[in-house]
Amino acid sequence: MRWHGYWKTCFLLALNIVAASAQGEVFEEDLTLHPLRDGKLQARFSFTTLLKGATPRDLQALGSDDEAQHYTLFPLALGQILREHAVTELHLTLNAGKWNYDHWGYPDEPGVGTGAELWVWMGDTAPTSVDQRWQGLRNALAGLFCASLGHLDEQRTTSPTLTFQPEGSLPNFTHPHQLRHASLPSEHVCTENLTPFLKLLPCKSLSGIASLLNPHKVFDADWHGLGVHVRHREGAGVEVRLAFQAVFDPVRYSPDGRRDWSLRSVFDRSIERACPVARASKVRVELPSAAPYTISPGPTDVSGSIATYAVDSAQEALDISMRWPDESRFEYPRTSSAPPLTDISVHRNLKGTSQAEARLTLEVTNNLPVQVSAGYLETMPWHLQFYLHTLSAHVDGAPRDDLVNILSYTPPIPHSRPALLQAVLTLPPHATLHLTVDVSKPFLRYTEHPPDAQRGWDLPPAVLVPFAFGDANETVARGPHRPRRIYTPAMLVDLATPDFSMPYNVIIMSCTLIALIFGSVFNLLTRRFVVVQVDRDADPVLEKPAAVAGEGAEDGTPR
């Protein structure tokens, strides 16, 4: 333990020296805690590194110039991947669980689709094409984060430019930029993904807010996910933001059923010291407005309903706690009567008992008193093929085909390309739009089935992006400047699956028949059958039996 403290002190001293030498790089970290109305606690970690004055061209420069790869705070492993594959903007998320929009509201990090999702903007530069660099990028990120991103192949890759707009500024280079998007809903998140994620931070998990990321606690949350976002900020530089988001249940941890929480009870840790190279390290707690509460210790600053703690000015370990003294036991609200916390509610399901055909249903409810225009995206693998002529829209049982506009559909190519369906939906105020389309389930090759073929295939979530509120004569101002993406839960599809036990049964039966036939034939070909004469007057006990096949007399002649 003494040597461990010595090396930790040396590491922190080295970080102070690094902070003094990092003139063109800025690192900031913050943690946002949001108590939810159903007793849960939403936590969002954000670690931002800004490479001042840099452009994507600096990271994309090809050649033997190594000066552009000498970073102090910027993650070198990620910077080399961006440079090698000429990436302008990158977004990677790995999530586990189902985000409940109706009860948790909009997440701080919009990418909450189940499984893995990767979408990038790359310039169409020579000598390599975008598809070649997209393949190399997937494999490089798979090795960096120990994830199965190599399965995001051409059978899952699309270019949905209507839904995934650049979050940063694309430099005005000579060559245009192209979008590549792929998702893998069956990918799971575990410790082997979090460990390389923490290694990209300047202070790792030894100090600062990242020290709260305890794998034993964060992976026990009701929902958790991590993300890597790279974008170019015009006039500022290249920004890399590492984010981790989770929804905890303090009521489940509490022995008396209370929703009181603290950093120690949620993460089993407290913030012992600040990260020396962080220019700003803050913890923000959203204060509830309904029931009376107490929070300790006192915050550094209170602005509206946000209490802020400056970790860099803390002289001792920081352990924030919030309690509701008037509650002896937390009572869950009635989910049926509770209004949704989002402007739009989306539900999607796949109906049908046949293994050859089904019907995809999308229900979009507009909770606002004004009309809403939203972009709708479906990226289905070729295992599910749309019958586009059966697409229909209904509101209160009446057909409303005028509510689906700018329809774009790219049909799938079996074993090669997925289906891409994009449309602009017009949602009437305080109404529910029912969108249905028939789909077919083709047969797969026996080598294309997963090991757990009887479980079914995971389908990626649909994405809805509201971008206009109100009509031309009535406009409603929204809080965020950028539209929020809404993800539906992933689905399972039951495809026609062969009986994979049949080869085993055939092998067993064939081996049994071969053994019986071979034994009988071999016995007939190798044994000698002779006539044996037995003396009935001889005593069978004293007389040596001579009824042994193939045994001859003393002179060698058979008896």
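Using a simple spin-label model with pseudo-atoms 7 Å out from Cα toward Cβ, VAL395 and THR128 lie 4.9 nm apart. Across region 26-323, the volume of the C-alpha convex hull divided among the residues equals 140 Å³ per residue. The shape of region 240-378 comes out prolate: with a ≥ b ≥ c from the C-alpha gyration tensor, a/c is at least 1.5 and a/b beats b/c.
Below 8 Å, C-alpha to C-alpha, sequence gap of six or more: please give me the relative contact order for the chain in percent. It comes to 14 percent, rounded to a whole number. Taking every DSSP bridge with both residues inside region 26-323, close to 90 percent are antiparallel.
Here the dipole of region 178-288 is about 440 debye; that uses its Cα centre as origin and unit charges on the Cβ of Lys and Arg (positive) and Asp and Glu (negative). Here is what passes the span test in the chain: the DSSP H helices with alpha carbon length of 18 Å or more along the helix axis and a Kyte-Doolittle mean of 1.0 or above are 502-526. Remark on region 333-403: Rg and Dmax equal 15.2, 43 Å (Cα only).
Per-residue packing, averaged as other Cβ atoms within 10 Å, sorts the ranges 254-261, 444-451 into the order 254-261, 444-451, beginning with the highest. With Cα atoms as the point set, region 344-493 shows a radius of gyration and Dmax of 16.8, 57 Å. A simple spin-label model places pseudo-atoms 7 Å from Cα toward Cβ; at THR526 and HIS188 they are separated by 5.1 nm. Were the residues from ARG323 through SER354 laid out at 0.36 nm apart, the gain over their Cα-Cα distance would be 5.9 nm. Take the Cβ atoms of LEU492 and ARG279, set R0 to 51 Å, and the FRET efficiency comes out at 0.65.
Restricting attention to the chain, lysine pairs at least eight places apart or on different chains and with alpha-carbon atoms under 16 angstrom apart total 5. All other residues whose Cβ lies under 12 angstrom from that of SER281 are scored, Lys and Arg at +1 and Asp and Glu at -1, for a net of 0. The charge dipole of the chain, taken about its Cα centre with unit charges on the Cβ atoms of Lys, Arg (+1), Asp and Glu (-1) only, comes to about 640 debye. Relative contact order for region 182-305: 24 percent, from Cα pairs under 8 Å spaced at least 6 residues apart, divided by residue count. For a Förster distance of 30 Å, can you work out the FRET efficiency between the beta-carbons of ARG455 and VAL506, rounded to the nearest 0.05? Efficiency for this residue pair is about 0.80. Computing FRET efficiency as 1/(1 + (r/R0)^6) for GLN315 and LEU341, where r is the C-beta to C-beta distance and R0 is 30 Å, gives about 0.20. A simple packing score, the average count of other Cβ atoms within 10 Å per residue, orders the peptides 107-115, 34-42 as 107-115, 34-42, with the highest score first. Note on the chain: semi-axes of the ellipsoid equivalent to its C-alpha gyration tensor, largest first and rounded to whole Å, are 58, 35, 29.
Every number here is computed from the coordinates shown, using simple stated rules; none is lab data. Everything quoted here is computed from the prediction, not taken from an experiment. So basically every Cβ, Gly included, is an ideal-geometry build from the backbone, and we count neighbours across all protein chains shown.
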